[in-house]
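Since the structure comes first, as structure tokens, the remarks are kept for the end.
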Amino acid sequence: ESSEEESSEEESSEEESSEEESSEEESSEEESSEEESSEEESSQEESSPTFGKEKLILRPIFSGLCIFIVHGLLTQACDEGRKNVSVPEQTFQFPTGLDVYQQGYATVLSSNYDLSYKSGAFQLIDLLALADRIDEGSGLSSTHQDLISQTARAGLPSFGSALKVVGTGENGLAIALIRETNQLVLVDLQVAEAGGSATISCWAGGIAGSREDFPLCEGARFVLDLEEDDPYDLLVSEIDAYQDKPWIEREWMVYIAYLRSNMISAIHIPPGRSEQADVPRQSHLIETALNGVSELAWSSATGLIYATSRLNPSDANMLNFFDPTQGADANIDQINLYPDLLGSEIRSLDFSEDGSTALALMRNPDLVVFLDVTPDASGIPTHTFLGEVVVCDNPSRLRVHGDYAYVTCAKDDTVYVVDTKTRRLVDLSESVCQGPFDMGFFEHNNLSWALISCFESDLVAVMDIDPESPEFLKVLARVGVLRIED
């Protein structure tokens, strides 16, 4: 279980800048740029389009190339010639979501943010082959673009946001959210042995229509239209009764957060990822008290799911939480961090390994806040304030791995590292890449890596996160071709 983000505010490295006080003005949701700190706008992301089906939105996209108009339908006033350009092979285009398939592959979403190509893309990086090159001393002397698979790839609509991978053995499943079309996309993964050849499937019949381009995923088993607008983050929970079953019998519940809706949808992915399998479908909706939901996180200590928002009134900094076992009858509880900590948004949220401590990444002020979520005698989390750590201006994402929390800072091109036990800043890694955004973690033999999507530079950075390594927090390699702006 895990979670993951954007919208008309594509976090500085995909973060947005549209703090559009949506609580006070939904009508002005054409706010073609309510940029939150001009911060990411320069990263082009914050001005990412809003995809509301019932709204009229005029928004310039990337250097004025395109304007999206949404009013029941999504139309695009872009140069028609540009939209027919094939996605370049073995490169990334404004990468956003990233996760790791522990059989030796990083999975990456290219968002096609500037709409230069036909579509976005789902791609894989061969991590064990990359490890060999790093051992040979060529980690930083090559683009390693030949390690981006030419066969295990697929096309997706533009503006992909969150990406999660489940499965650690021969079979895996990648789950992606697409903001342009309000869709959930499933991609079956298969690698016979660690480091072996990877194959993917997200097409009816299991065969892509064309290998000359990035074939778009299609079919009811792989693509689900969502009922709410702007899917931004997802949390995957494996249904307990099926955890020890063979892969073909396992099933999951996927919780989806929408940046432009106060709803969380629960999507059931049925067992039997085969041609005869049932299709994924919405199980139920959960209504929050938030003005749009930006991120979800699960506590292993309490079993509760937490939801954050970045579209709060100026005097509120809300966290909602609920018990997922209650299904559609789940009651939403909430706490307001503003009276004690100020802040108007929680950008990201994760939990310590034992689930007892919540780490909330805030802006205004820019802090990692530690909250004890141990239940009291009545079973309600205490949410006792334990401490805080000051981080970079306008932080983007926070992910916990082991005893450390890693904070990406798209504005500063850095990653901050915080000890979850001592609640102190350990160090920071500077010049990681331009616009570090999402993270995934890879553990294999003596390797311990963080992989970071670099939205502004079209790269994936590889950072050593082994505290015992002399290379701790150093960038070992960057995969992809650096984008050069005209």
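The values are calculated or read from the model by the stated rules, or taken from the named source; none is laboratory data. These numbers were taken from a predicted model, which means no experiment stands behind them. Because the Cβ atoms are built from the backbone with ideal geometry, glycine has one as well, and the counts that use them run over all protein chains shown. Heavy atoms of the whole protein, side chains included, go into the accessibility calculation; ligands, DNA and RNA do not. Shrake-Rupley method; radii C 1.70, N 1.55, O 1.52, S 1.80 Å.
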Exercise. Relative contact order of region 335-388: what whole-number percent is it, with Cα pairs under 8 angstrom and at least 6 residues apart?
Worked result: 24
Problem set entry | Accessible-area composition of region 112-194, carbon plus sulfur, in percent [1.4 Å probe] | 41
Seminar exercise, completed: Residue by residue through region 228-239, the couplings from Karplus 6.51 cos²θ - 1.76 cosθ + 1.60 with θ = phi - 60°, in Hz, x for Gly and Pro, are 9, 9, 6, x, 10, 8, 9, 10, 9, 10, 7, 5
Exercise. Under 5 Å between amide H atoms, partner at least 5 residues away or on a different chain: which partners does residue 387 have, H built in plane at 1.01 Å?
Worked result: 370
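Give me the percent relative contact order of region 219-324, please, defined on Cα pairs under 8 angstrom at least 6 residues apart.
Answer for region 219-324 is 21 percent.
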Exercise. Using a basic spin-label model with each label point 7 Å from the Cα along Cα→Cβ, how many nm lie between residue 193 and residue 285?
Worked result: 5.0
For this session: For region 425-486, go through all pairs of different Cα atoms, get the mean of 1/r, take its inverse, and jot down that Kirkwood value in Å.
Result: 12.2
Exercise. Using alpha-carbon pairs under 8 Å, 6+ residues apart, how would you state the relative contact order of region 280-396 in percent?
Worked result: 19
Exercise. Quick one: which of 118/245; 164/474; 164/421 span more than 31 angstrom between C-alpha atoms?
Worked result: 118/245
Problem set entry | Chain lengthening between residue 468 and residue 445 when straightened (0.36 nm per residue, less Cα-Cα) | 6.9 nm
Seminar exercise, completed: SASA check, residue 332, accessible area w/ 1.4 Å probe, all protein chains in place, rounded to nearest 10 Å², comes out at 50
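Quick one: which of 342-352, 220-230 comes out on top by average Cβ neighbours within 10 Å, and what's the full order, highest first?
The most tightly packed comes first, giving 342-352, 220-230.
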Exercise. Put a dot 7 Å past each Cα toward the Cβ at residue 245 and residue 220; how far apart are the dots in nm?
Worked result: 2.0
Exercise. Taking a quarter of the surface of the convex hull around the Cα atoms of region 381-486, what do you get in nm²?
Worked result: 8.0
